[in-house]
Amino acid sequence: MNILQSIWHGVEFVTAQIVAVVGVNLALEEPPYILLDRISDTVEIRQYSNRIVAETTIDLSGGDSPAMTDEEASSQGFRRIAGYIFGANISKQSQGESSQEIPMTAPVEINNESIAMTAPVEISASKTMTMRFVMPSQYRLETLPTPNDKRVILKEIPGETLAVLSYSGRRKFETITEKASELTDALSTSQWRLGPSAQLRQFYYNPPWTLPFFRRNEVAFEVVAKP
């Protein structure tokens with residue numbers, strides 16, 4: 001890479017960080033979906049197709065180490081998968097030990113283990129947290145580089161129908177619980193109900209330095225049409 005290319009990539013990076021502060025992500029691919037229904041201004045029913053993810057699970061109990069907070073676990077999971085896409089891997093497209101960078105996508109998905117489906121929704125203390133990055137659409141499982149960190153797993157997520165509620169602000173436990181309850185309340189008067197997997201999903205589209213008002217966050221549940 002010559003000096004001009006290095007300067008240009010530096011300018012691109014700095015520009016991306018500046019605009020991200022106000023909630024604009026430049027050129028980040030998002031998984032496509034079909035909009036099936038719009039229940040309210042903030043709630044949509046989306047049909048997602050199969051997608052490939054890099055996934056890691058964090059033990060919140062800490063095992064032999066002190067228990068982690070939700071924020072600490074998120075940071076650890078992010079570092080693991082970010083390390084993978086930024087080159088902590090072995091490329092399958094070369095004969096040697098070379099690595100391969102993978103473009104960043106949005107959103108980052110977080111799933112917690114323990115959710116009691118009551119009214120309102122109650123999220124109890126989880127023992128594990130799973131974080132996922134969706135891989136860019138040009139990749140297949142057989143073409144993605146192999147992670148160096150064995151805690152990062154590549155897998156294909158089957159297509160699914162999700163009820164999604166969008167909101168802004170910080171990622172706080174109380175807010176997530178409140179928005180999950182709003183989503184289930186919206187579903188109760190719609191033609192949709194919770195599906196076989198009632199696991200709460202959290203989608204985050206912006207880096208942590210984005211101003212809270214400009215952040216794009218979502219909570220989601222798998223749903224099926226009511227008979």
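Label-point separation (nm) for Leu35 and Glu101, each offset 7 Å from Cα along Cα-to-Cβ?
3.4 nm
In straight Cα distance, which aspartates and glutamates are under 12 Å from Lys127, not counting same-chain residues fewer than 8 positions off?
Asp59, Asp70, Glu113
Around Val223, which amide H atoms from residues at least 5 apart in sequence, or from another chain, sit under 5 Å from its own amide H, with H modelled in the peptide plane?
Residues meeting the criterion, in which the H sits 1.01 Å from N, are Thr161, Leu162, Ala163, Gly195.
Mind jotting down the distance between the C-alpha centroids of region 42-59 and region 192-227, whole Å?
9 Å
R0 = 30 Å: FRET efficiency of Glu178 with Lys150, Cβ-based, nearest 0.05? Before the final figure, lay out each step's value.
Details: r = 37 Å, r/R0 = 1.23.
So, using R0 = 30 Å, E works out to roughly 0.20.
Just rank Arg170, Arg216, Arg132, fewest to most, by other beta-carbon atoms within 10 angstrom. Each step should come with its number before you reach the end.
Working: Arg170 10, Arg216 16, Arg132 22.
If I rank by nearby Cβ atoms, fewest first, I get Arg170, Arg216, Arg132.
Quick one: 3J(HN,Hα) in Hz for region 30-39, Karplus 6.51/-1.76/1.60 with θ = phi - 60°, rounded, Gly and Pro as x.
Working through the residues one at a time gives 10, x, x, 8, 9, 7, 8, 7, 10, 7 Hz.
Sort Ile90, Ile58 so the one with the fewest other Cβ atoms within 10 Å of its own Cβ comes first. List each step's numbers first, then the result.
On the way: Ile90 14, Ile58 22.
Lowest count first: Ile90, Ile58.
In terms of modelled amide H atoms, which long-range or inter-chain residues lie less than 5 Å from the amide H of Glu29?
Excluding prolines and chain starts, which carry no amide H, the hits are Ala106.
Whose amide H sits under 5 Å from the amide H of Met135, counting only residues 5 or more places off or on another chain, with H placed in the peptide plane?
Ile52, Val53, Ala54
May I ask you to list the lysines whose Cα is less than 27 Å away from that of Lys92, ignoring any residue fewer than eight positions away on the same chain?
Hits, sequence-local ones excluded: Lys150, Lys155.
A short reminder: the numbers here are calculations on the coordinates, not readings from a lab. It should be emphasised that the depicted structure is a prediction, and the values quoted were computed from it without experimental measurement. Heads up, the Cβs are rebuilt from the backbone with ideal geometry, glycines too, and the neighbour counts pull from every protein chain shown.
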